[in-house]
Amino acid sequence: MAEYIDNEKIKENEEESSFDFRKIWSMVILNWYWFIVSTLICVALAYVYLRYQRPVYAAETKVLIKDNDSRPRRYGNNFDLSEMGIMSNSNGFDNELEILGSAAIATKAVTAMKLYVTYNISGRVTDIELYKETPVVVDLEENHLAQLELPVPVKIQRKGNGYHVEITLPSKENPKEGEILERDLSKLPATINTKVGPIMLAENPGIKMPDRDLTAVIYPPITMGRFYARSLEINRSSKMTTVAILSLKDTKRERALEYLSQIIKSYNDDANEDKNEVANKTKAFIDERIDMIRHELDSTEYSLERYKRENEIINLPTNANQSLAQSTEMQKRQVEIQTQISLVNLLADFVGNPANCYEIIPANIGVDNQAINNVISEYNDKVLTRRRLLRSASEQSPSILQMTDDIRSIWDAIQQQLAGISNDLRVQKKSIDDQYALYSGKVNRTPSSERVLNGIGRQQEIKAGLYLTLLQKREENYISLASTAAKARIIDEPQFGGIVSPKSRIIMLLALILGLAAPLAIFYFLELIRFRIEGREDVEKVTNIPIVADIPLSDILDDGDRAIVVRENSNNIMEEVFRGLRTNLRFLLSPGEKVVCVTSTVPGEGKTFVATNLAMSLALLGKKVIIIGLDVRKPRLIQLFGLPASKKGITSYLVLDNPSLDVLKEQIYYGVGNKNLDVMPAGVIPPNPGELITRETLDQAIEQLKDIYDYIILDTPPVGLVSDTYELARVVDLTFFVCRSEYSAKADFDIINKAQAEGKLPKINLVLNGLNLKNKKYGFYYGYGSYRAYAKYGTYYGTYGHYDSYGHYGDHNKGKTSLED
């Protein structure tokens, strides 16, 4: 009994939650087969996905980036300005990492490995990617490759003993569509001339062409370079070292490992190109001077030969005097000074040209001044550093602006130092010229032939010495080129890091979770959008009114039209349910209270069925019971109890003024179905049923019947359509509102709640009718097990049919098939 009376308190004490876990568990138990089917489907889809999804592999390597410019430098007697904080050295580890991860370096690696061509072979479900195992190698000439702007698909099919090639040449106006060029090739290798350049095809030795189509796509190298630059991850090993960790994810494990090795090689080649630029400039300068000296030396030798032939001179005197020797020494020094002046002037002309600013200055060309050589070397290092930084930063970045200012300062310093060196050499030359003039006067007294031959010989000796010096400098420069060290060194060789995608275990776990969650979400969503009640839980969510009985569907009776399911000497589920309702009724009525009103919100919810069977259950208990049909607009008691049609009924009594008790008794059918059960049907349907039940005659009849009967059951109209039931509240002690599973709308409970809140009916309680226990949900919840339903909906309790001409409830349930009153 406490379960029904204290229902509201129990509900308030339950934990508030947006999820009812007991309800969710019941969904799983009752619909277990859907969960199994959903799980099998999701797992199967996950298996298919894993079967055809290309795995992504991870590869990793560790690289040491060398810092060759970390030692402090001096320019002769001058301090390195970076030591005093005036100039900064921004050629740091971070800049090197930016260069290593740039698209330019990646493009060089892509070009070296020919990764700008991708290969796919058609499969039954999806295309299969190929790398080195491609049967046909496709390529484009290098000079045309640099001009390629859009991808060029090349489709290759086996055709007899040859090949059928289909090339799609894209256009800038419509990249998705282009010109299709088809060729039949009898054998490979072969070259097909196209507007983008000659496309070369060659067989890959040892790999046979399958019967399926092979598609090769030639991408612009810069496009694939940017793709691999984005795919490459570069991280510091620690803040205290210059060690970088390179990692790459690729669908081909071998390709990922080879790319990591190639990107380091391309980075080193790029760094060496910058370092060797100074040596290359010096080499070009020395080669130019060697060619010039060689021509001068040949000219001197030819002059000596011609002079001897013309003067028939075979041997020179061996007794040269001291003056001639000193004159010769001065002349030698003149040549040396003049050579230094020429070299300084060449450098001054180069530095004096503004267009050569930020260009490499030739170094180690023979200028005998260590200070200027050191300054030129530092200037060249700065220029190279600036060029490398421009690959990863703009000219307006602070580091580039600072480096530009530093280079300009050193450029001005070089100009000043060259001007000073030039002035010093001119002073030295003037002194040597004066001494040479002194000794030349003495030499003039020697025979002219000897003087001429000695002059030619000295010129030959000087030029030969200069020629040998330049040859030596060139060899030294070659050694410098050959001894360039790599900028980056691999510490750990590229290693395979496993499959990173797809993760089979995670996907299978997600498929399993989705397989269980999907039907649960669907059932829960359907539960949320359902607007009709199904069971006790739904009713308890929309109202706090106690539920005193849960009535399942009953077996159909043999007579078909009547729905009296409570019988004497029977012990089925329906008798047990109405016994429970009868017990609750006795606790709900106070001493002296006998009148029970049975109503509903709309027709079809089973109020007449509940009223008649409750009356029969009370009669079987030995109580004197009468059921009165006050639903005068739609009377049903005559049909349900199988009574003969007549004018007997409550309306015949109510239309009289001051009728006697005998008249009241004449309207009653006695001993209907049981000796303790009497029935007073509605009688003749009046034209004014609403006004009729408001007469005091009804109050008089109820008071008289209380003296005779233990219980008076009133079958009243639905309150959602007419207000007759509210008028009867004056004679009622207890109200049963009947609602029906899978029929009553949740919104209709607003009427019931409002009636309770406003006190329109006394002691309102709910009876939940029409639970279909064939539905496992109800059998699981109520624990009744499996029972047969009444029969087809609409025939359990009889059919009302159409209302007569005196009144009707309306078309509330027009077109619906449901349990009716």
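Within the stretch 761-778, the set of residues being in a loop (DSSP other than H, G, I, E, B), modelled with pLDDT under 90 and either open to solvent by 40 Å² or more (accessible area, probe 1.4 Å) or not polar (S, T, N, Q) (or both) comprises L773, K774, N775.
All conditions in (1) hydrophobic (A, V, I, L, M, F, W, C); (2) buried (at least 22 other Cβ atoms within 10 Å of the Cβ); (3) in contact with a strand residue (DSSP E or B) (Cβ under 9 Å, 6 or more places away or on another chain) hold for A563, with the sole exception of (3).
Residue-wise test of (1) modelled with pLDDT of 75 or more; (2) within 30 Å of E359 (Cβ to Cβ); (3) open to solvent by 70 Å² or more (accessible area, probe 1.4 Å); (4) within 60 Å of the chain's Cα centre (by Cα).
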| residue | (1), (2), (3), (4) |
| --- | --- |
| K283 | no, yes, no, yes |
| I293 | yes, yes, no, no |
| L297 | no, no, no, no |
| L304 | no, no, no, no |
| I314 | no, no, yes, no |
| S323 | no, no, no, no |
| S327 | no, no, no, no |
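Can I222 be described as touching a residue at least 24 places away in the same chain (Cβ under 8 Å) and closer than 30 Å to V152 by Cβ? Taking the combined requirement at face value, the residue satisfies it. Yes or no: I361 over 23 Å from L100 (Cα atoms), open to solvent by less than 10 Å² (accessible area, probe 1.4 Å) and touching a helix residue (DSSP H, G or I) at 6+ places or on another chain (Cβ under 8 Å)? Yes; evaluated as a whole, the condition is true for this residue. Close Cβ contacts (under 7 Å, 6 or more residues apart or on different chains) running from residues in the stretch 377-392 that are of a type in the set (S, T, N, Q) to residues that are assigned to a helix (DSSP H, G or I) and open to solvent by less than 50 Å² (accessible area, probe 1.4 Å) comprise N380/V278; T385/M403; S392/N95; S392/I99.
Per-residue answers, yes or no, for (1) modelled with pLDDT of 75 or more; (2) open to solvent by less than 40 Å² (accessible area, probe 1.4 Å):
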position: Q416; (1), (2): yes, no
position: L438; (1), (2): no, no
position: T446; (1), (2): no, yes
position: G498; (1), (2): yes, yes
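A search for C-beta distances below 9 Å between a residue of the stretch 394-419 that is of a type in the set (D, E, K, R) and any residue that is surrounded by fewer than 19 Cβ atoms within 10 Å (Cβ to Cβ) and assigned to a helix (DSSP H, G or I), counting only pairs 6+ apart in sequence or on different chains, returns E395/L401; E395/T404; D406/L81; D406/S82. Considering the stretch 649-681, the residues that are at positive phi and surrounded by fewer than 15 Cβ atoms within 10 Å (Cβ to Cβ) include one that is nearest to the chain's Cα centre (by Cα), namely G671.
One residue stands out among those in the stretch 214-227 that are open to solvent by 40 Å² or more (accessible area, probe 1.4 Å) and not hydroxyl-bearing (S, T, Y): the one that is farthest from R255 (Cα to Cα), which is I222.
Restricting the stretch 600-611 to residues that are in contact with a strand residue (DSSP E or B) (Cβ under 6 Å, 6 or more places away or on another chain) and part of a helix (DSSP H, G or I), the residue that is farthest from V632 (Cα to Cα) is V610. S617: farther than 27 Å from G720 by Cα and modelled with pLDDT of 90 or more, yes or no? Taking the combined requirement at face value, the residue satisfies it. Considering the conditions (1) over 26 Å from T694 (Cβ atoms); (2) open to solvent by less than 50 Å² (accessible area, probe 1.4 Å); (3) among the charged types (D, E, K, R), E742 is excluded by exactly one of them, (2).
Flag: N369 does not match the condition of being without any contact (Cβ under 8 Å) to a residue 12 or more places away in the chain and surrounded by 15 or more Cβ atoms within 10 Å (Cβ to Cβ).
Of all the criteria given as (1) open to solvent by 30 Å² or more (accessible area, probe 1.4 Å); (2) out of contact with any Leu (no Cβ under 9 Å at 6 or more places or on another chain), the one not satisfied by V137 is (2). For G178, the requirement of being surrounded by 15 or more Cβ atoms within 10 Å (Cβ to Cβ) and modelled with pLDDT under 85 is met. Checking the structure you have, find out if any residue of the stretch 238-258 is among the small types (G, A, S), at pLDDT 85 or above and assigned to a strand (DSSP E or B). There is at least one residue in the stretch 238-258 that is among the small types (G, A, S), at pLDDT 85 or above and assigned to a strand (DSSP E or B).
When you go through S266, S231, S261 one by one, which is the residue that is loosely packed, with under 15 Cβ neighbours inside 10 Å and not charged (D, E, K, R)?
Testing whether each residue is loosely packed, with under 15 Cβ neighbours inside 10 Å and not charged (D, E, K, R) leaves just S231.
Every condition in (1) modelled with pLDDT under 85; (2) surrounded by fewer than 16 Cβ atoms within 10 Å (Cβ to Cβ) holds for I556 except the one numbered (2). Of all residues in the stretch 351-408, those that are in a loop (DSSP other than H, G, I, E, B), over 24 Å from Y478 (Cα atoms) and aliphatic (A, V, I, L, M) total 1.
Let's see how each residue does on (1) in contact with a Leu (Cβ under 9 Å, 6 or more places away or on another chain); (2) part of a loop (DSSP other than H, G, I, E, B); (3) open to solvent by 10 Å² or more (accessible area, probe 1.4 Å); (4) not acidic (D, E):
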| position | (1), (2), (3), (4) |
| --- | --- |
| G592 | no, yes, yes, yes |
| V598 | yes, no, no, yes |
| L614 | yes, no, no, yes |
| G622 | no, yes, yes, yes |
| P635 | no, yes, yes, yes |
| Q639 | no, no, yes, yes |
| P644 | no, yes, yes, yes |
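Among the conditions (1) open to solvent by 10 Å² or more (accessible area, probe 1.4 Å); (2) closer than 18 Å to L677 by Cα, N571 misses just one, which is (2). Among the residues of the stretch 626-635, is there at least one that is under 13 Å from D710 (Cα atoms) and either touching a residue at least 24 places away in the same chain (Cβ under 8 Å) or small (G, A, S) (or both)? So far as the stretch 626-635 goes, yes, one or more of its residues are under 13 Å from D710 (Cα atoms) and either touching a residue at least 24 places away in the same chain (Cβ under 8 Å) or small (G, A, S) (or both).
Regarding the stretch 213-222, can at least one residue be identified that is at pLDDT 80 or above and assigned to a helix (DSSP H, G or I)? The answer is yes; a qualifying residue exists. Filtered by the rule that a residue be more than 13 Å from I199 (Cα to Cα), free of Cβ contacts under 8 Å to residues at least 60 places away in the same chain and charged (D, E, K, R), the stretch 126-183 gives R158, K159, K172, E173, K176, E177, E179. In the stretch 42-54, the residues that are closer than 13 Å to V125 by Cα and open to solvent by less than 80 Å² (accessible area, probe 1.4 Å) reach residues that are at pLDDT below 85 and part of a helix (DSSP H, G or I) with C-beta atoms within less than 8 angstrom, at least six apart or across chains, in these pairs: L50/S504.
The values are calculated or read from the model by the stated rules, or taken from the named source; none is laboratory data. These figures come from a predicted structure and were not determined experimentally. Glycine also receives a Cβ, built like all others from the backbone with ideal geometry; neighbour counts cover every protein chain displayed. These accessible areas exclude ligands, DNA and RNA; they are computed on the full protein's heavy atoms, side chains included. Shrake-Rupley method; radii C 1.70, N 1.55, O 1.52, S 1.80 Å.
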